[in-house]
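Here the structure comes first, spelled out in C-alpha cells, and everything after it is commentary.
The values are calculated or read from the model by the stated rules, or taken from the named source; none is laboratory data. This one's a predicted model, so the numbers in the text were calculated from it and none came from an experiment. Here Cβ is always computed from backbone atoms with ideal geometry, including for glycine, and neighbour counts include all displayed protein chains.
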Amino acid sequence: MAEILRMDSDDPADVEQIWTTFVPSASVLRIDPADFAFRWRSITFSDLSIVRYSLTAEVHSRVQPEDQLFACRLVTEDGVLRSRRSIIDPGAPWATDSAQVEAEWNGTAEVSALIFDRMRAQDLARRITGDDLLSLRLTSVHPRSDAAARQWVRAFDYLMTSAMAAEGDELIEAGLARHALTVVLSCFPSTFSSAIARDGGGDGAATVRRALAFIDENAHRPITVDDVAEAVHISTRGLQYSFRRSIDATPTEYLRRVRLDGAHRDLRNGAAGDSVSQIARRWGFGNSSRFNSLYRQTYGRSAKETLEGD
C-alpha cells in the first residue's frame, strides 16, 4: 500500500529528520532558520519514493547513498551543486548511487527526487535485460544530454501526478515503479546501458504462446511485462522482440488489450453500484479519460453506454 506524506513546517529540525528518513545518507551541514519555510510532499511504494519539496533557508547539505539509487533535480536562483569531480548545472537533474553530491543555496529551492532501493532496482534491471549477473551502477551523475534531462523532468511530473492518483492500486503502482527506473537508467549513463544493448534472446513461437497464456490468466493481477518475461524464462527485451516478430505487437499492447476486454465484460455484466471508474481501476486503468478514449476506439461506444446497456 502506498504511503503519502504531506508536511508544512516552520521548524528547521524537521528538515534533517525527514531527509534522513527517506535518504539515510543525507546530512544538513548548515541551515539558517531566518526566513525559513519547508513544504514536503511524497508518496512511497515498496520499490520507490517520489518526492517533491520546497525549502526556503540558507542551506548546505550533502548526500552519498550506500543502499539507494537517488535521482534528483534542484532548482534555485542562488545555489551551487557539485560532486567531488564536477559542478552540476543548476536546474539540471542528477543521479547517484554512491557518489557524494553537495548542495548550497540561499533562498528557495524546489526539489524533485526519485529514490529507489538499490538491490530492488538491480533485480528489476536484471529482469529487463535478462542478465542475471548485471551489477547495476551509475557511471556519471550527469544526464546523457540536454534531451535526456528534459525527458527526466517530463517523466517526473507524470510520475508524481499519476502516483498521487493511484490510491493504492497495485497494478498502477507496479507500472509506475518500472517506468520510473527505466527513465532514470535511460537518462543517466550506467552499466544498464551496455546490458540492454545486447539481445535478450529467445524468439520462438512457443515462448510467445506461453507468454500469451500467462497474460490471459493473470491480466487481472498487478503484473508487469517484466513478470511475463520472468514467467516464460526470457528477458524483457527478448520478449518484446519475440512478440514483434510473432504477432506484430508489443507485450504491453497485448496486456492492455486483454485488460480492456476484461473491463468490457465487467461493464456489460456490471453489478448494481459499479461505476465506470471502479471497473477501469479494477483492470489497471488509473486515468479515466485515457481509459474512455481507448474503450471508444476499441468498441465504438463509450464505457458508460455499455454499463447502462444503451
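Among the residues in the stretch 82-93, are any closer than 30 Å to Gln240 by Cα, surrounded by fewer than 18 Cβ atoms within 10 Å (Cβ to Cβ) and touching a Lys or Arg at 6+ places or on another chain (Cβ under 8 Å)?
Taking every residue of the stretch 82-93 in turn, none turns out to be closer than 30 Å to Gln240 by Cα, surrounded by fewer than 18 Cβ atoms within 10 Å (Cβ to Cβ) and touching a Lys or Arg at 6+ places or on another chain (Cβ under 8 Å).
Just to verify a result, which residue in the stretch 200-232, among those that are surrounded by fewer than 18 Cβ atoms within 10 Å (Cβ to Cβ) and in contact with a Ser or Thr (Cβ under 8 Å, 6 or more places away or on another chain), is modelled with the highest pLDDT?
Here the residue is Ala205.
Can Leu5 be described as under 22 Å from the mean Cα position of the chain (by Cα), assigned to a strand (DSSP E or B) and either modelled with pLDDT of 95 or more or among the hydrophobic types (A, V, I, L, M, F, W, C) (or both)?
yes
Taking interchain pairs and intrachain pairs at least six residues apart, which have beta carbon atoms under 7 angstrom, with the first residue in the stretch 135-152 and over 16 Å from Ser86 (Cβ atoms) and the second of a type in the set (D, E, K, R)?
Arg137/Asp97
Within the group Ser46, Ser54, which residue is part of a loop (DSSP other than H, G, I, E, B) and either among the hydrophobic types (A, V, I, L, M, F, W, C) or assigned by TED's automatic domain parsing to the domain that holds Asp169 (or both)?
Going through Ser46, Ser54 in turn, just one is part of a loop (DSSP other than H, G, I, E, B) and either among the hydrophobic types (A, V, I, L, M, F, W, C) or assigned by TED's automatic domain parsing to the domain that holds Asp169 (or both): Ser46.
Can you run down the residue pairs with Cβ atoms below 6 Å, 6 or more apart or on separate chains, where the first is in the stretch 231-260 and within 15 Å of Arg210 (Cα to Cα) and the partner is acidic (Asp, Glu) and surrounded by 18 or more Cβ atoms within 10 Å (Cβ to Cβ)?
Listed pairs, sorted by first residue: Thr236/Asp226.
Among Asp117, Asp47, Asp35, which is the only one that is surrounded by fewer than 17 Cβ atoms within 10 Å (Cβ to Cβ), within 26 Å of Ala2 (Cβ to Cβ), in contact (Cβ under 8 Å) with a residue 12 or more places away in the chain and not hydrophobic (A, V, I, L, M, F, W, C)?
Of Asp117, Asp47, Asp35, the one residue that is surrounded by fewer than 17 Cβ atoms within 10 Å (Cβ to Cβ), within 26 Å of Ala2 (Cβ to Cβ), in contact (Cβ under 8 Å) with a residue 12 or more places away in the chain and not hydrophobic (A, V, I, L, M, F, W, C) is Asp117.
Tally the residues that are farther than 15 Å from Arg41 by Cα and of a type in the set (Gly, Ala, Ser), restricting the search to the stretch 1-31.
Selection size over the stretch 1-31: 4.
Condition check ((1) surrounded by fewer than 17 Cβ atoms within 10 Å (Cβ to Cβ); (2) closer than 25 Å to Arg41 by Cβ; (3) at pLDDT 90 or above; (4) among the charged types (D, E, K, R)) across all residues:
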site	(1), (2), (3), (4)
Arg127	no, no, no, yes
Gly130	no, no, no, no
Thr139	yes, no, yes, no
Pro143	no, yes, yes, no
Ala147	yes, no, no, no
Met160	no, yes, yes, no
